Amino acid sequence: MAFYLYVVLAFVAACYAEAASNVASSFVCKSNNAYYKIDASCDSYIQCNGYVPTTLTCPDGLHYNPDVKWPNYPCGYPMDVPCLGRATQPAQSTPDCPHKYGYFQSPIASSEDCGHFRLCVDGHPMEMECPSGLAFNPSSGRCDWPDQVPSCKANDFLGFSCPPAPLGENGELLDVIYNFKHPDSCFYFFSCQQGRARLLSCDPGLAFDAASSRCVDEDLVHCSHQ
């Protein structure tokens, strides 16, 4: 079964490469040195050098960026170079990476520990973690607010739940922001808006003052946490 799958994938990859190559054979370069997109492809492109066209393909997991000018590297991550409705090369997965390059959810992440993700470089994984208070969003490949990540239990992840949001006269949620002290830090605080909790931090030199619900000069705050 594995051998059959390998044969199928090899055949698909060969067809993909042949189709891209056929585009270059009839392409006329308009500039001496330049890149040109292939309309049907997300990751293949034409490079002209000395008015000679060559079909190239970005590494697996990356997309061709038509905004990049020669001689800069024209391949970027899908989150920076979206591509819809066009073909990509077959995935060259490894035991640890679904594509050779990209940002992916880590196997050690959970709904209550959402900040871990995996960066794959040439098929090799590197475990990484989002900045404090942010969760990895598999849909965008970026670190995001926990309440924006469906697979993340934001309140459990942050260890904090906002009090019920205030309601207007017609029962609608009021768009009001309330700030609350972090139990273990003078420099972080929780900000609640319409029931959504987000972990924020004061700028350097400032600390959170619970009395005023804002960041003030740290010398003005009695801080028992470091």
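The values are calculated or read from the model by the stated rules, or taken from the named source; none is laboratory data. Keep in mind the model is a prediction, meaning the values are calculated, not measured. Every residue, glycine among them, receives a Cβ derived from its backbone with ideal geometry; neighbour counts consider all protein chains shown. In case anyone asks, the SASA skips ligands and DNA or RNA and just uses the protein heavy atoms, side chains included. Shrake-Rupley method; radii C 1.70, N 1.55, O 1.52, S 1.80 Å.
Over all other residues within a Cβ to Cβ distance under 13 Å of D67, the charged ones net out to +1, with Lys and Arg as +1 and Asp and Glu as -1. Distances over 23 Å make up what percent of all Cα-Cα pairs in region 65-171? Cα-Cα pairs of region 65-171 separated by over 23 Å account for 44 percent.
Within a straight-line Cα-Cα reach of under 20 Å, K69 can be paired with the following aspartates and glutamates, leaving aside sequence neighbours fewer than 8 residues apart in one chain: D39, D43, D80.
Name the most mobile residue of K181, K153, K100, meaning the one with the largest mean-square fluctuation, in a Gaussian network model of the chain with Cα contacts below 10 Å. Fluctuation is largest for K181. Expressed as an acute angle from 0 to 90° and rounded to the nearest 10, what is the orientation of the C-alpha long axis of helix 2-25 relative to the principal long axis of the chain? Approximately 70 degrees, to the nearest 10. Considering only L134, L62, L200, the mean-square fluctuation computed in a Gaussian network model of the chain, springs between alpha carbons under 10 angstrom, is largest for L200. This model, with +1 at the C-beta of Lys and Arg and -1 at the C-beta of Asp and Glu, gives region 58-127 a dipole about its Cα centre of some 340 debye. Charged neighbours of R196, selected by a Cβ distance under 15 Å, balance to -2 (K, R count +1; D, E count -1).
In the context of the full set of protein chains, region 121-221 has a per residue accessible area of 60 Å² (1.4 Å probe). Dipole size of the chain about its Cα centre, with +1 on Lys/Arg Cβ and -1 on Asp/Glu Cβ: approximately 880 debye, rounded to the nearest 20. Dipole of region 128-226 computed with +1 at Lys/Arg Cβ and -1 at Asp/Glu Cβ about the Cα centre; of F136, L200, F189, farthest Cα towards the positive end is F136.
If R0 equals 41 Å, the separation of the Cβ atoms of Y73 and S224 corresponds to a calculated FRET efficiency of about 0.25. When only Cα pairs below 8 angstrom with a gap of at least 6 residues are kept, region 81-155 shows a relative contact order of 23 percent. Note on D122 and L56: the model spin-label points, each 7 Å out from Cα along the C-beta direction, lie 1.7 nm apart.
Taking the chain as a Gaussian network of alpha-carbon nodes connected by springs under 10 Å, the highest mean-square fluctuation of the residues A211, A109, A135 belongs to A211. Accessible area of the chain with a 1.4 Å probe: how many percent of it is carbon plus sulfur? Taking all protein chains in place, the chain shows 55 percent carbon and sulfur surface. Would you indicate which of [x] 24.5, 73; [y] 16.0, 45; [z] 16.4, 50 is the value of Rg and Dmax of the Cα atoms in Å derived from the coordinates of this structure? Among [x] 24.5, 73; [y] 16.0, 45; [z] 16.4, 50, the one derived from this structure is [x]. Each stretch of four or more DSSP H residues adds -39500 (n - 2.57); spread over every residue of the chain, this sum gives -4000 deg cm²/dmol at 222 nm.
Computed about the Cα centre, the dipole magnitude for region 139-209 is approximately 220 debye when only Lys and Arg (+1) and Asp and Glu (-1) carry charge, each at its Cβ. Label separation (S212 vs N33): 5.6 nm, computed from points 7 Å beyond Cα along the C-beta direction.
In this label model, L200 and D96 are separated by 3.8 nm, measuring between points 7 Å along each Cα→Cβ vector.
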